[in-house]
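Novice: Take this structure first; my questions come after.
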Amino acid sequence: MRLYQEIGGHLRRDIHGGKYAPGDRLPPERDIAESFSVSRSVVREALIMLELEKVVDVRKGSGVYVLPPPENSQPEGADSGYGPFELLQARQLLESEVAAFAAMQATKTDILQMRDAIDAQRDCIERGVSDDAEDQRFHGLLAQASQNSVLVKLVDDLWVIRQRSPMWQGIHQHVGDKNHSQIWLQDHQTILQAVLRRDPKAAKQAMWQHLENVKDMLLQVSDADDPSFDGFLFSSVPSELND
């Protein structure tokens, strides 16, 4: 993945994650370049990429503005219709393979960025701040470490689905245990260690187990009698697929 694609991916995730709403103006190129420690030409290429994707509108002399989602896509906040356990099953299948591939492809920059995301996640836990941003950032950076922009987009899309799911948000409101955050942090560290060792099998298993831990937590706080509960329909990815 080229550097401008990496920066564009960061900006896309910020937009899809709600940091910038439709109609908002992005920071000036100079500020974006400084925040990512890249040249303005790289930022310019990233913005052109997002403009071609119809994510932003580059207005000469005015700035770069976030465009609303296409008419044929769901509006921000709309229910995706996917249950939380169906989503986890899809993530387990996709992200386990992504982790394995990242273990073979990751660069030094990828490693340093993932370390930074883990450090930021640890800082949030220590300060008692509940924030999924660094969790999402780690998963996005791991996908970027695969050096495959299609995989990055697929992982991004799964997070967008999660953010738009009222069922997921309803369950997540009941997750106030700091121990869960500590488990996720340890899971991320295990995944990163496997990537550092260039061990695709261990990275795949670590990601599989991470999402299995998330599933177990969701089962503990879910109402199995709720008509929308889908935990019985979408079981864990069979273990033999991870051998």
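The values are calculated or read from the model by the stated rules, or taken from the named source; none is laboratory data. The model shown is predicted, which means the values in this text are computed figures rather than measured ones. Backbone-built Cβ (ideal geometry, glycine too); neighbour counts: all protein chains shown. Surface areas here come from the heavy atoms of the whole protein model, side chains and all, with no ligands, DNA or RNA. Shrake-Rupley method; radii C 1.70, N 1.55, O 1.52, S 1.80 Å.
Novice: Before we move on, is Asp123 modelled with pLDDT of 85 or more and under 23 Å from Gln5 (Cα atoms)?
Specialist: no
Novice: Moving on. Answer yes if at least one residue in the stretch 89-103 is touching a Gly at 6+ places or on another chain (Cβ under 8 Å) and in contact (Cβ under 8 Å) with a residue 12 or more places away in the chain, and no otherwise.
Specialist: no
Novice: Can you pull out the residues in the stretch 34-65 that are at positive phi, in a loop (DSSP other than H, G, I, E, B) and either among the polar types (S, T, N, Q) or modelled with pLDDT of 90 or more (or both)?
Specialist: Of everything in the stretch 34-65, just one residue is at positive phi, in a loop (DSSP other than H, G, I, E, B) and either among the polar types (S, T, N, Q) or modelled with pLDDT of 90 or more (or both), namely Ser37.
Novice: Same structure, new question: What do you reckon, is Arg30 open to solvent by 60 Å² or more (accessible area, probe 1.4 Å) and either under 17 Å from Pro69 (Cα atoms) or assigned to a helix (DSSP H, G or I) (or both)?
Specialist: Against the criterion (open to solvent by 60 Å² or more (accessible area, probe 1.4 Å) and either under 17 Å from Pro69 (Cα atoms) or assigned to a helix (DSSP H, G or I) (or both)), Arg30 qualifies.
Novice: Considering the stretch 118-129 alone, what residues qualify as being touching a residue at least 24 places away in the same chain (Cβ under 8 Å) and open to solvent by 60 Å² or more (accessible area, probe 1.4 Å)?
Specialist: Arg122, Gly128
Novice: Sticking with this structure for a sec: Just a yes or no: is a residue in the stretch 93-100 buried (at least 18 other Cβ atoms within 10 Å of the Cβ), in contact with a Ser or Thr (Cβ under 6 Å, 6 or more places away or on another chain) and modelled with pLDDT of 85 or more?
Specialist: Yes, the stretch 93-100 has at least one match.
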